[in-house]
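The values are calculated or read from the model by the stated rules, or taken from the named source; none is laboratory data. The structure displayed is predicted, hence computed values, not measured ones. Don't worry about glycine lacking a Cβ; one is built from the backbone with ideal geometry, like all the others, and counts go over all protein chains shown. The accessibility values were calculated without ligands, DNA or RNA, using every heavy atom of the protein model including side chains. Shrake-Rupley method; radii C 1.70, N 1.55, O 1.52, S 1.80 Å.
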Amino acid sequence: MRLFVTRPLPLDPRALAGPAIDVAVFAHDRAPTRAELLEGARGAAGLVALLSDAVDGALLDALPGLRVVSNVAVGLDNIDVAACKARGVVVTHTPDALTAATADLTLALILAVARRVLEGDRLVRAGHFHGWSPTLLLGLELSGATLGLFGHGRIARAVEARARAFGMNVVFCSRSQPGSVSLDELLERSDVLSIHCPLTPETRHAIGAPQLARMKPSAILVNTARGPVLDEAALGAALAAGRLAGAGLDVYEDEPRVHPSLLGRPDVVLLPHLGSATLVTRTRMARMAVSDAASVLLGKQPAHPV
């Protein structure tokens, strides 16, 4: 039995899968091209995939021996689950493995934008800091400010707990949670808007020009969920027009490409998809994914099926 892993992981998948499974790992620390994915997974019964790996009907048809796709992620944007089910391919993921790490990073982005941390860093490094000034880089104080959460799942609730420790007021918009406000009310009340909804056809560009226009000019926006929920071109236009005070992004519409209107702005903090990037969390995710794939290949039930 052969298992193909589409990226080097922070643990040895061979040791974890055991001697009965032949594990092959893509040799480069980047996403494989479609051709490389097909070549690497040819003859494999299992695939350990990342969000950058599109697993669709065409790929499944080209890999008829595939029995399991194990996603090193909570979300399944990259996997056609219905196509897998129709072909009898088991799909697993890594739920709740990255909640704390992503919530921490969300707060880091909020603080970085609100308190203009990178602007201050650049100013000092450029030799332009000439001493304390009462008007230098004034930002948003979190205590007493309102955090609006677009979505209220595990990560959003973890962000809420952290934000309340900073003295923030919290409102949220969710289709399934009692106590939710409308999206319009969320936008109008938020001093900080943090995106935490899953990516679905309904949420793609859910935050676009009309929604940004309802926000306070003093507000900031943070996205650590899924890039296409936010219309990046509309965000760039809103910032350029002074209709928002700043933004912090860890995910992008067309990742790894970032919309050009955001790249040169000092009021935007851009991170390379680091939400789960702690050694503990990434190792936990890898362990869950490889273990589940190995379980299916060995005729056992996976711990985290979709």
>> Could you go through the range 149-166 and let me know if any residue there is touching a residue at least 40 places away in the same chain (Cβ under 8 Å), crowded, with 18+ Cβ neighbours inside 10 Å, within 17 Å of M215 (Cα to Cα) and hydrophobic (A, V, I, L, M, F, W, C).
In response: yes
> Just a yes or no: is a residue in the range 38-49 open to solvent by 10 Å² or more (accessible area, probe 1.4 Å), closer than 23 Å to Y252 by Cα and of a type outside the set (D, E)?
Replying inline: no
> With (1) of a type in the set (A, V, I, L, M, F, W, C); (2) out of contact with any Pro (no Cβ under 7 Å at 6 or more places or on another chain); (3) farther than 14 Å from S276 by Cα; (4) open to solvent by 20 Å² or more (accessible area, probe 1.4 Å) as the list, and L98 as the residue in question, which single condition is left unmet?
Replying inline: (3)
> If you take the residues in the range 69-85 that are small (G, A, S) and in contact with a Leu (Cβ under 9 Å, 6 or more places away or on another chain), which one is modelled with the lowest pLDDT?
Replying inline: G75
>> Exactly one of these conditions fails for A233: (1) surrounded by 19 or more Cβ atoms within 10 Å (Cβ to Cβ); (2) over 16 Å from A103 (Cα atoms); (3) of a type in the set (G, A, S). Give me its number.
In response: (1)
>> Return the pair list, or none, for Cβ contacts closer than 7 Å from residues in the range 275-290 that are open to solvent by 50 Å² or more (accessible area, probe 1.4 Å) to residues that are small (G, A, S), at least 6 apart or on different chains.
In response: T278/A101; R282/S276; R284/A97
>> Cβ contacts < 7 Å: first residue on the phi > 0 side of the Ramachandran plot, restricted to the range 200-215; second residue open to solvent by less than 60 Å² (accessible area, probe 1.4 Å) and of a type in the set (D, E, K, R), any location; separation 6+ or different chain. Result?
In response: H205/D231
> If you take the residues of the range 174-193 that are out of contact with any Lys or Arg (no Cβ under 6 Å at 6 or more places or on another chain) and open to solvent by less than 20 Å² (accessible area, probe 1.4 Å), which of them is nearest to R116 (Cα to Cα)?
Replying inline: V192
> Hey, among L50, L107, L60, L11, which residue is more than 23 Å from the chain's Cα centre (by Cα) and modelled with pLDDT of 95 or more?
Replying inline: L60
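In the range 205-213, is there at least one residue being under 17 Å from the mean Cα position of the chain (by Cα), hydrophobic (A, V, I, L, M, F, W, C) and open to solvent by 10 Å² or more (accessible area, probe 1.4 Å)?
Taking the range 205-213 first, the residues under 17 Å from the mean Cα position of the chain (by Cα) are 205-207.
Next cut, hydrophobic (A, V, I, L, M, F, W, C) only: 206-207.
Narrowing further to those that are open to solvent by 10 Å² or more (accessible area, probe 1.4 Å): 206.
Yes, the range 205-213 contains at least one residue that is under 17 Å from the mean Cα position of the chain (by Cα), hydrophobic (A, V, I, L, M, F, W, C) and open to solvent by 10 Å² or more (accessible area, probe 1.4 Å).
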